[in-house]
Amino acid sequence: MKVAVIGTGYVGLVVGACLAETGNDVICADVDEKKIEGLKHNQIPIYERGLEPLVKSNQAEGRLTFTTDVGQAVEASDVVFVAVGTPPDEDGSADLQHVLEVARTIGDHMNKPKVVITKSTVPVGTADKVREAIAARTSEEFHVCSNPEFLKEGAAVGDFMKPDRVIIGVDSGQAIQILRELYAPFVRTGNPIMFMDIPSAELTKYAANAMLATRISFMNQIAELCEEVGADVTLVRKGIGSDARIGPAFLFPGPGYGGSCFPKDVRALISTADQCGVLLDVLKAVEAANARQKQKLGEKVVGALDGTAEGKAVAVWGLAFKAGTDDMRESPAIDLIETLLGGGARVRVHDPQALGTAQVLFGDRIEYATHMYDALDGADALVIVTEWLEFRNPNFERIRQCLRQPIVVDGRNLYDPERMRAMGFKYLSIGRKEV
């Protein structure tokens, strides 16, 4: 099948590479000339495990190409995915200007019947706006569908190749037939393609992310209560997670959720509800709880340093909002570092993938360590923000030797408190007793 993917960000690039891997002829188009030129030379602008080999192999086989000519990509394709950004407006609603600009371009280059699929995360009613924008510029037959993505950063290729479900909002039988054929290679093990009306598909994406964000914030607040009453959040998590009605996923306390999806999508869903006169009190509380949680890690560090960060050196392990990515959008590490710098601390950081991203954000305000232990030399405390695998079982003796004070503040509960006590560390974590 001939496919165009408009937008080569995190979603578009994964979609394009994975569809090419299953034999489709895919053109990925973007107006960013520098990005497209890099992609033509297999320079991947994001870190996502497994993505680079797919781009390289499918370019070599001629199934995947890149262009800045969006119109040409549309004309050459039967199926067009719209995967451009939908950043939040000041009121939290999704900004659709890029989506609608692409829709107008599609209309201008509609040289034969096509299926147009909104892959970007968009609010209910966007497909109607896309349809109107295209129809105003063409008399050709076309179908607009909603196909929200459920890709976890750090595992996006696996999520696309082996999805637990595919959600598609459609309004025509012809579109169902085409998309069933396109997605058939990815659901051979029986996981469902769920066809539904377009508004339901558009809302499903926001509802899913809002539910996951709610679980995270709920568990973070339970962790705070655990600290006050002397309970252990790890045991509480296991206790409630064993209930089949609840399950264990997304019950790990931490420094707050971040990234490109949860914060933006929670705000957008609240905005949509406000416009409809529906009061989503639960999600407003979730958003407020997450904002408070992002401040708590910095407060723990300052408390561990006898109430002041002035003149202290602090090492930070982990900058990305989660392991497996270089994405620092709304990462808790940003709030932590700003708190420490505001308190007069000197901050030295390490992350396996996100150092380049951090340099863009912080410049020379902080120091950067290529190796994890280099960040520790002479530091008064170590703070763990991201749960990278290499942080899970480090050389604790080396950590003690490098630190000026044996203080570890663990935002991911990676270590056993009693083990840390036995090794002589002052150890603070989330929802567990300080040792």
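Where a number appears in this text, it was derived from the coordinates with a stated rule and is not lab data. What you see is a predicted model; the values in this text were computed from it and never measured. Every residue, glycine among them, receives a Cβ derived from its backbone with ideal geometry; neighbour counts consider all protein chains shown.
What the table shows:
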quantity	calculated
Structure-based [θ]222 nm, the chain - -39500 (n - 2.57) summed over DSSP H runs of at least 4, per residue, nearest 500	-13000 deg cm²/dmol
Most to least packed among 378-388, 421-431 [average Cβ atoms within 10 Å]	378-388, 421-431
Whole-Hz couplings from phi, Karplus 6.51/-1.76/1.60, listed for the range 397-409; x for Gly and Pro	5, 5, 4, 4, 5, 7, 6, 6, 10, x, 10, 10, 10
Cα gyration tensor, the range 92-222 - rounded (a/c under 1.5), prolate or oblate	oblate
Per-residue ³J(HN,Hα) for the range 410-427, Karplus 6.51 cos²θ - 1.76 cosθ + 1.60, θ = phi - 60°, Hz, x for Gly and Pro	9, x, 10, 6, 7, 10, 7, x, 5, 5, 5, 4, 5, 8, x, 8, 8, 10
Cα centroid separation - the range 168-182 against the range 360-399, whole Å	49 Å
Helix runs (DSSP H) in the chain reaching 27 Å along axis by Cα, Kyte-Doolittle at least 0.0	198-229
Relative exposure of HIS143, HIS371, HIS98, judged by other C-beta atoms within 10 Å (fewest first)	HIS371, HIS98, HIS143
Computed magnitude of the charge dipole of the chain (debye, nearest 20; Cβ of K, R +1, Cβ of D, E -1)	1060 debye
Amide H contacts of VAL166 (H built 1.01 Å from N, under 5 Å, at least 5 apart or other chain)	ILE193, MET194
For the range 225-428: relative contact order, % (alpha-carbon pairs under 8 angstrom, 6 or more apart)	19 percent
The range 225-428, dipole about Cα centre (Lys/Arg Cβ +1, Asp/Glu Cβ -1), debye to the nearest 20	220 debye
Cα-based shape type of the range 2-196, given that a ≥ b ≥ c are square roots of the gyration tensor eigenvalues and the cut on a/c is 1.5	rounded
Sequence-separation-based contact order of the chain, relative, with Cα cut under 8 Å and 6+ spacing, percent	12 percent
Relative contact order computed over the range 2-196 (Cα-Cα under 8 Å; 6+ residues apart), in percent	20 percent
Computed E for VAL229/VAL187 - FRET, C-beta separation, R0 45 angstrom, nearest 0.05	0.45
Cα gyration tensor, the range 214-342 - rounded (a/c under 1.5), prolate or oblate	oblate
Set of the range 199-238 residues, backbone N closer than 11 Å to the point 7 Å along the Cα-Cβ line of ARG245	none
